[in-house]
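Structure, as structure tokens:
The values are calculated or read from the model by the stated rules, or taken from the named source; none is laboratory data. No experiment lies behind these values; they were computed from the predicted model shown. Cβ placement follows ideal geometry from the backbone for every residue including glycine, while neighbour counts extend to all protein chains displayed. With ligands, DNA and RNA removed, areas are computed over all heavy atoms of the protein, side chains included. Shrake-Rupley method; radii C 1.70, N 1.55, O 1.52, S 1.80 Å.
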Amino acid sequence: MKVVRFHAPGDVRFEDAPEPEAGPGEVKIRVRNCSTCGTDVKISKFGHHHIHPPRVMGHEIAGEIVQVGEGVDGWSAGDRVQVIAAIPCGDCPECVRGRMTICPNQVSMGYHFEGGFAQFMVVPKEVLKVDGLNRIPEGVSFAEASVAEPLACALNAQNLARVGEGDDVVVIGSGPIGCLHVRLARARGAARVFLVELSRQRLEMAANLVKPDAAICAGEVDPVEEVLKLTDGRGADVIITAAASGKAQEQAIQMAARQGRISFFGGLPKDNPTITCDSNLVHYRELTIVGANGSSPAHNAEALNLVATGAVPVADLITHRLPLESAIDAFGIVARGEAIKVTIEP
Ligand SMILES: [Zn+2]
Ligand SMILES: [Zn+2]
């Protein structure tokens with residue numbers, strides 16, 4: 001079969017690999033869609049300390065079961081499924097308490113296990129053990145289902161930041177994750193959603209799709225001043241930074257309303273993770289700053305449901321569909337910010 005495999009930083013190859021078989025406790029799928037994101041670009045350029053090459057990349061996976069391994073109940077050939085990306089252990093104190101996104105034993109598809117940029121893929125028993133294989137609801141396409149994983153990550157963040165009825169929400173960063181955050185905040189009853197982005201071109205592409213109440217180009221105006229103007233000086237109830245930018249995180253704190261919640265959704269570069277925070281703003285305004293790390297199996301199931309009910313439409317966010325042999329070109333499209341969501345159809 002054909003796969004897209006990481007060999008070394010800057011060396012990702014479209015090549016042949018033996019077709020895998022489902023062992024005991026495993027399920028084999030024919031991958032129908034595996035979507036790309038910024039993480040794939042990062043891996044292809046810099047590698048990752050959890051990836052021992054060669055490794056098939058790809059973690060936003062949807063497909064069709066073609067073989068069910070010994071001892072697997074409840075699944076059969078032909079079932080349409082979505083696969084979680086981050087796999088918690090299910091046994092540690094965090095998992096037992098239902099905090100699966102922060103499982104210290106977490107492993108991942110496309111890192112520890114062969115990923116979805118392939119014609120076929122084995123779903124490891126570790127995924128089945130934690131209920132990480134989800135049936136795709138009727139009416140949801142494979143492409144839409146592959147976007148459930150990033151949506152699940154957004155869902156985790158908005159739960160932690162308590163996005164709800166009547167909130168003014170600012171999303172900083174207008175990539176696919178930023179667009180999902182805008183849509184999800186609306187589904188949760190936000191009063192207004194403002195989208196902030198450095199690049200005018202990227203901002204317009206995203207704003208045309210997700211129609212924020214205001215689209216603020218941080219390359220042209222001061223986003224803190226703009227948000228304060230839009231909220232009569234009050235600030236925003238929730239700010240989500242969907243960008244790998246320390247400056248965005250600092251601005252998020254400055255534009256927060258009293259009792260505002262700030263989600264540092266996007267991580268910062270490993271060699272530059274420090275920001276300046278006026279601690280007195282946090283103290284006097286009773287701000288909450290929360291991180292967000294991936295998603296749990298339950299978040300993935302809920303995300304699929306949000307897509308199925310139409311609460312969070314994702315079909316129009318998929319702007320590019322490419323065959324497996326173009327996956328490497330797809331990373332370039334993602335890196336240059338020319339697309340919202342690029343999906344690969346092996
Ligand atoms: Zn991703
Ligand atoms: Zn665990």
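Summary of packing: across the peptides 95-106, 295-306, 125-136, the per-residue average of other C-beta atoms within 10 Å ranks them, highest first, as 295-306, 125-136, 95-106.
With a 1.4 Å probe rolled over the protein heavy atoms of all chains, the accessible area of Glu144, Glu225 falls in the order Glu225, Glu144, largest first. Charge tally around Ser35: other residues with Cβ under 12 Å, Lys/Arg +1 each, Asp/Glu -1 each, net -2.
Dividing the C-alpha radius of gyration of the range 154-291 by 2.2 N^0.38 Å, with N its residue count, gives 0.93. Expressed in units of 2.2 N^0.38 Å, where N is the residue count, the Cα radius of gyration of the range 93-149 is 1.29. Projecting the Cα positions of Cys277, Gly246, Gly69 onto the charge dipole of the chain (unit charges on Cβ atoms of Lys, Arg, Asp and Glu, taken about the Cα centre) puts Cys277 furthest along the positive direction.
In terms of packing, defined here as the mean over residues of other Cβ atoms within 10 angstrom, the peptides 234-240, 191-197, 25-31, 64-70 line up highest first as 234-240, 191-197, 25-31, 64-70.
Straight Cα distances below 21 angstrom link Lys229 to the lysines Lys211, Lys247, with same-chain residues fewer than 8 positions distant left out. Accessible surface of the range 152-311, 1.4 Å probe: 47 percent of it comes from carbon and sulfur atoms. With helices as the sole contributors, the chain gives -8500 deg cm²/dmol at 222 nm; each DSSP H run of n ≥ 4 counts as -39500 (n - 2.57), and the sum is divided by every residue. The alpha-carbon atoms of the chain define a convex hull whose volume equals 129 cubic angstrom per residue. With each label modelled as a point 7 angstrom along the Cα→C-beta vector, the Arg13-Arg258 pair spans 6.3 nm. Near Gly71, once Lys and Arg are set to +1 and Asp and Glu to -1 for all other residues with Cβ below 15 Å from its Cβ, the sum equals -2.
Among the listed pairs Lys42/Lys341; Lys2/Lys28; Lys2/Lys125; Lys45/Lys270; Lys270/Lys341; Lys45/Lys125, a Cα-Cα separation exceeding 20 Å is found for Lys2/Lys125; Lys270/Lys341; Lys45/Lys125.
Ignoring aspartates and glutamates fewer than eight residues from Lys129 along the same chain, the ones with Cα atoms less than 20 angstrom from its Cα are Glu21, Glu26, Glu60, Glu64, Glu70, Asp73, Asp79, Asp91, Glu94, Glu114, Glu149, Glu302.
With contacts taken as Cα pairs under 8 Å and at least 6 residues apart, the range 154-291 reaches a relative contact order of 22 percent.
Accessible surface computed residue by residue for the range 154-291, with neighbouring protein chains in place and a 1.4 Å probe, gives 45 Å² per residue.
Set the Förster distance to 41 Å, then compute FRET efficiency between Ile51 and Thr276 from the Cβ-Cβ distance, nearest 0.05. With R0 = 41 Å, the Cβ-Cβ based efficiency is 0.80.
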